Each structure stands twice: as structure tokens, then as C-alpha cells.
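Undergrad: This is the structure, below, for whatever I ask next.
The values are calculated or read from the model by the stated rules, or taken from the named source; none is laboratory data. Because the structure is a prediction, the values reported are computed rather than measured. Note: ideal-geometry Cβ built from the backbone for every residue, glycine included; neighbour counts use all protein chains shown.
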Amino acid sequence: MTVTVLLFASYADAIGERTIPLELPHGSTVGEALRRVREMAGATRLPTEPMVAVNEEYARPDRRLAAGDEVAIIPPVAGG
């Protein structure tokens with residue numbers, strides 16, 4: 001199955017892409033998708049447990065993915 005990984009800010013800059021189509025086995029989890037992204041060049045900027053949303057809803061690493069899901073890896077945001 002294919003999911004789309006969305007990267008923002010420094011994560012997109014580090015990997016060099018804002019959108020990545022990612023092929024995963026059926027039944028894969030958010031955690032497994034993150035492991036695959038970490039294998040890419042430049043992914044060392046990703047924290048151990050980044051904030052992730054699936055289809056615009058926050059998701060835990062054990063969340064199962066389905067074909068066509070959007071997996072957003074969200075960098076920390078500072079404000080004041």
C-alpha cells in the first residue's frame with residue numbers, strides 16, 4: 001500500500017522533499033512508517049518520537065495505516 005508522508009520546515013529541508021510517497025506492507029503502523037523515513041538521507045534531524053498526524057488527526061506510533069493515508073511529521077513549534 002502507498003501512504004503519503006508530509007514533511008514541514010526543518011524536516012523537509014533536511015530530507016529535501018516536502019511530500020514522499022511511501023510504499024509499506026498492508027497493516028503497517030505509524031511507527032513503521034517513521035522507521036522507513038529515518039532510513040532516508042538527511043533524516044537524522046527527526047527526533048526519536050516526533051509528533052505525527054494521520055489524515056489531520058494526531059496519531060500514536062501503534063496506529064495502523066491504510067492505503068492513501070496522509071502521514072504528517074510535525075516539527076516543534078515555538079511561539080510567544
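Undergrad: What is the residue count in segment 1-50 for residues that are in a strand (DSSP E or B) and at pLDDT below 95?
TA: 0
Undergrad: Can I ask one more? Looking at segment 3-20 only, could you name the residues that are closer than 11 Å to Glu70 by Cβ and surrounded by fewer than 13 Cβ atoms within 10 Å (Cβ to Cβ)?
TA: Selection gives Thr19 alone.
Undergrad: Can you run down the residue pairs with Cβ atoms below 6 Å, 6 or more apart or on separate chains, where the first is in segment 23-37 and in contact (Cβ under 8 Å) with a residue 12 or more places away in the chain and the partner is among the acidic types (Asp, Glu)?
TA: Going by the 6 Å Cβ cut-off, the qualifying pairs are Thr29/Asp62.
Undergrad: From the set of residues in segment 29-42 that are small (Gly, Ala, Ser) and surrounded by fewer than 19 Cβ atoms within 10 Å (Cβ to Cβ), which is farthest from Thr2 (Cα to Cα)?
TA: Gly42
Undergrad: Now for a separate question. Cβ-Cβ under 6 Å, sequence separation 6+ or interchain: first residue in segment 49-63 and surrounded by 11 or more Cβ atoms within 10 Å (Cβ to Cβ), partner at pLDDT below 95. Which pairs?
TA: Met51/Ile74
Undergrad: If you don't mind, there's one more thing I want to ask. Could you list all residues from segment 64-78 that are surrounded by 11 or more Cβ atoms within 10 Å (Cβ to Cβ) and either without any contact (Cβ under 8 Å) to a residue 24 or more places away in the chain or among the acidic types (Asp, Glu) (or both)?
TA: Asp69, Glu70
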